[in-house]
Each structure stands twice: as C-alpha cells, then as structure tokens.
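J.: Have a look at the structure that comes next, please.
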Amino acid sequence: MTPGPITLENITKIYRTRAGPHRVLDDVSLTIRPGDKIGVLGPNGAGKSTLVRIVSGAEEPTRGKVTRGMSISWPMGFVGGFQSSLTGYDNFKFICRVYGQDPKALYGFVQDFSELGHFLREPVRTYSSGMRARLAFAISMAIDFDCLIIDEVIAVGDKHFQEKSRTELLDKRRHKTMVIITHEMHFIRENCNLVYVVRGGELHRFEDIEEGIHFHESWFG
Amino acid sequence: MSSLIGSARVQGRVIHALLMREVLTRYGRHNIGFLWLFVEPMIFTLGVAALWSAFHAVHGSSLPIVAFAVTGYSSILLWRNMGFRTIGAIEPNLSLLYHRNIKPIDIYLSRLLLEVIGATASFVVVSFIFGMMSDDITWPENLAEVIAGWTLLAWFGVGLAILAGAVSEEHEFVEKLWHPAQYLLVPLSGAAFQVDALPTALQKLALYLPMVNGVEIVREGFFGSKFHAHYDVGYLVTVNTVLTVLGLAQLRKIAREITPE
C-alpha cells in the first residue's frame, strides 16, 4: 500500500488541571505528506509532545478529526514500554506480536544492532539505562514504518552507538516520513523541509526553515 | 466492511500479544510456568472444599458437599478476581499506549480473558479430579446448561470489572471500596447456600444479586433433578447488559482523557 498523507483538521486539546481547563491546542490543522521531514519547535510545555501524540494516535484530541494514510512508529528509542521482569527477547517478541511481524525474521537485526549479546535473554531490569536504550532503539528500527516519530533525537548510549543510530536513521531511512521534536537547531537545518512552531495553542507553519527557527527563537528574546 | 475485519484482526493480534505478555509476567518461563494459571485457583477450591467438608458446613441441602463447594467456589473465582485485574490497570501500562493499536479496552480484555481462561480451566480440572477421586461428583446432567450459566457469570464479571476499572481511573475511592465490597459480596453470592433453602421472603432478595442467579443455573445444570433452582435469566442478562454498556461508555470517556507519560 502506498503511503498517503496524515491530516489533522481543527484539532483542539484541553487538559483538565486543578486550576481549570488548560487549552494546549486551539483549533489547529496540519497535513503531513509522505516524505516530509517535519521539525516541531516551541517552548517547553507548549504542546509539542501533545501534538505529536495526537498525530501518532497515542492520545485523542478533545475535538477535531485525524486521518492517517500511513503507518506511524512509536517514539524511536522509547524505553518506557518495557516490562522489566521480562527478558529483552520477550519484550521484543511482544512488540512483534503487536505489529504482526515475524520475530524470527527480525531477531538477527535486533541482536546485531543492540549489541546486547547474551543479555537479550536476561530480564530487562538487569540492564543499564544505556542497554535499555540500545534495545529500544534496535526494536523500533527493526519494524518498518512509513512515518517515524523522533522525540528528542538519539541521545542514547555512548558516542559510538549514537553515531551508528544516526546513520541508521537518517541515512538509511532518508526516504521515510519523519516528525522530529528537538532542541538541536542544526538537526532541524540538516534534515527538515518544514517547520511547525507550537506556541500559545497555535500552530505556525514555515516552509523556510531559517524563518521558522528565527520565529521560534524570537520568543525567547 | 474490509476495514472492519482489518481492525478486528489488529485488535485480536494486540489482545493476543498482551495476553502472552501477561502470562509471562505473572507466571514466568520457569517451573510449571503457566500451569499456575489454574493451579492457583485449584488450590483455593480444594482448600475451601476441604474446610467445608471438615466442618460439615450447613449449606441447606442433601447435595454432596464437595460438588457443592466446587461449583460454588469456582463461580466466585470466576467473577470476583476480575475487578482486581482492571482497577488501576491503565496507569502502570500508560506507556503501552504509545503503540497506536493498543487501547485501554485491549489492556482490560486481555487481562479479563486470562481470568476467564484460568477460572474455567480450574473448574474443569478440579471437577475431573474430584470426579475421579470420589463418587461425589458425577458428569453434569445438562452440560449445555452449565456452560450457559458459566458464560452468563463470566459476562457479569467482565461487565462489572470494566465498569469498576473505568470508574477507578477517575475516582480513586473505587479501589478502596473494592476490597470490602468483595468480602461482603462473597458470602452473599450464592456459593455457600442454595436459594431453595432460604425462607421465601429472602429468596426474592437473594435473586436481586445477579451472581446468585448465575450460580443457580450452573448448579441446575450440574445436579439437575436433585436440585430445585431459582433464577431469572432475563434479569441476569439485563444487569449484564447494563453493566457492560455503562462500563464501555465510561471507558470511552476516560480513553479520551488519558495522557501517556
């Protein structure tokens, strides 16, 4: 199936807080075309992650419509979903089942990429945080998605692993659609063709990357 | 239509994945592993049957006590533990929601399915064990009726658990109340008495408890001619439907507000 666009139409998201309703996104719309590399910028707490979770379907909007024409990853390298009493292998197998993939076909890649060796057969709770990150990243790379969600890029593992991950993600998967949240502007400059700035419940779209970055940074004065 | 079948297949896949994860987490890969799924409730049933026999508990009938205990206690296990599996179940699993196809309902259904499988397996196995050991339990006179009653009880448990779980996500007091509620409901659930032995006035009251109706159906199927059952299938189905609809509606509501970490 050829990937189609992801569209958000008139999305409003309101969180309930003790101080009353908090409107994070106010009637925003956006379209992600296949192949787009979208950088999402904005101050802390402005709703970048909320926007991306609504794009990926991890969270539902309060109002508005989302249509998804392509498969979307969970945040690349996200370690939160592991069941720590299970082995790395069992966690990997769980993900394969969820996405309808054959673990046998993907295991070689995960073993190779994570560099975990026999630790894959040990419970995840025995892993260091670096090892967890390597496992998470390897699993999220093993499954083939049309659109990759990248929240705070690849600060995982040691320098060697970071470089390897960046190569795997940004060179080998150049043709993929990507939605990227980061505070590293050079990363946006090098990889994105579109910038969205989330601020004050609004979404500002920039085709000119420099203009978008400038708009984002101007807020900080 | 094809998209409906497609999403049913995805949901089946997700529930299977969650179920296997739950089995591995709860019972591990070692020892007898998943056998615990029904060994655990089996030990309970055996213990209760033994206690009741030892104290010649008054259950108001001439029915064999072991068979009475097996049908009664198995029925309790079927619906009672389900609430414990759904109340507060979403929070520790929030990060799973980053996988787009995993929804709160799948977390509930996988856990409830595991409960049904465990309780059913234990009911069957324990019945067979006692059946072989003594003449106390004979083959059910009407197996289809046992299955029907069992299914209605399971449905009651599932509906109640979804509602209790979904409300607990919004109101913590549900978690606090569930324990005392369990202890109060268990003796009233019909496991340890038969409706026919109650005074007429109490019979009416007892049948307001949905699970009493379920247990009576199971026992009628089991003991048939030796048992005078009282139940109202229409009432049980109505309660089950209401619980399920309210539970799903509440779950739908909280699902819109859940924020993964």
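The values are calculated or read from the model by the stated rules, or taken from the named source; none is laboratory data. Quick caveat: nothing in here was measured; it's all calculated off a predicted structure. Counting neighbours? That spans all protein chains shown, and the Cβs are built from the backbone with ideal geometry, glycine included. SASA here: full protein model, heavy atoms, side chains in, ligands and nucleic acids out. Shrake-Rupley method; radii C 1.70, N 1.55, O 1.52, S 1.80 Å.
J.: Count, please, the residues in region B:183-204 that happen to be polar (S, T, N, Q), part of a helix (DSSP H, G or I) and in contact (Cβ under 8 Å) with a residue 12 or more places away in the chain.
T.: Qualifying residue count for the region: 1.
J.: Which one of these does A:Gln162 not meet: (1) surrounded by 13 or more Cβ atoms within 10 Å (Cβ to Cβ); (2) assigned by TED's automatic domain parsing to the domain that holds A:Pro34; (3) not aliphatic (A, V, I, L, M)?
T.: Just one mismatch for A:Gln162, condition (2).
J.: Kindly establish whether B:Lys253 is open to solvent by 40 Å² or more (accessible area, probe 1.4 Å) and within 14 Å of chain A (Cβ to nearest Cβ).
T.: So B:Lys253 fits the description; yes.
J.: While we're on this one: Going through A:Phe137, A:Phe119 one at a time, which residue ends up being touching a residue at least 60 places away in the same chain (Cβ under 8 Å), away from chain B (no Cβ under 13 Å), touching a Gly at 6+ places or on another chain (Cβ under 7 Å) and not small (Gly, Ala, Ser)?
T.: Criteria check complete, one pass: A:Phe137.
J.: Go through region B:91-126 and report how many residues are in contact with a Pro (Cβ under 9 Å, 6 or more places away or on another chain), surrounded by fewer than 22 Cβ atoms within 10 Å (Cβ to Cβ) and either among the aliphatic types (A, V, I, L, M) or more than 18 Å from A:Gly81 (Cβ to Cβ) (or both).
T.: The qualifying residues number 2.
J.: Kindly state which helices (runs of 4 or more DSSP H) lie completely within region B:4-89 and contain at least 3 residues that are out of contact with any helix residue (DSSP H, G or I) (no Cβ under 7 Å at 6 or more places or on another chain), modelled with pLDDT of 75 or more and away from chain A (no Cβ under 14 Å).
T.: Helices (runs of 4 or more DSSP H) meeting the threshold: B:36-54.
J.: Starting from region A:51-71, take each residue that is at positive phi and list its partners that are aliphatic (A, V, I, L, M), counting only C-beta distances under 6 angstrom and pairs at least six apart or across chains.
T.: A:Gly64/A:Ile11
J.: Could you grab me the full set of residues in region B:185-210 that are over 13 Å from B:Ser75 (Cα atoms) and polar (S, T, N, Q)?
T.: B:Gln194, B:Thr200, B:Gln203, listed by residue number.
J.: So A:Pro43 passes all but one of these: (1) in contact with a Phe, Trp or Tyr (Cβ under 7 Å, 6 or more places away or on another chain); (2) within 13 Å of chain B (Cβ to nearest Cβ); (3) of a type outside the set (Phe, Trp, Tyr); (4) loosely packed, with under 15 Cβ neighbours inside 10 Å. Which condition number does it fail?
T.: Tallying (1) in contact with a Phe, Trp or Tyr (Cβ under 7 Å, 6 or more places away or on another chain); (2) within 13 Å of chain B (Cβ to nearest Cβ); (3) of a type outside the set (Phe, Trp, Tyr); (4) loosely packed, with under 15 Cβ neighbours inside 10 Å, A:Pro43 fails exactly one: (2).
J.: Given the residues A:Ser129, A:Ser114, which is the only one that is touching a helix residue (DSSP H, G or I) at 6+ places or on another chain (Cβ under 7 Å), away from chain B (no Cβ under 14 Å) and not acidic (Asp, Glu)?
T.: None of the other options fit; the residue is A:Ser114.
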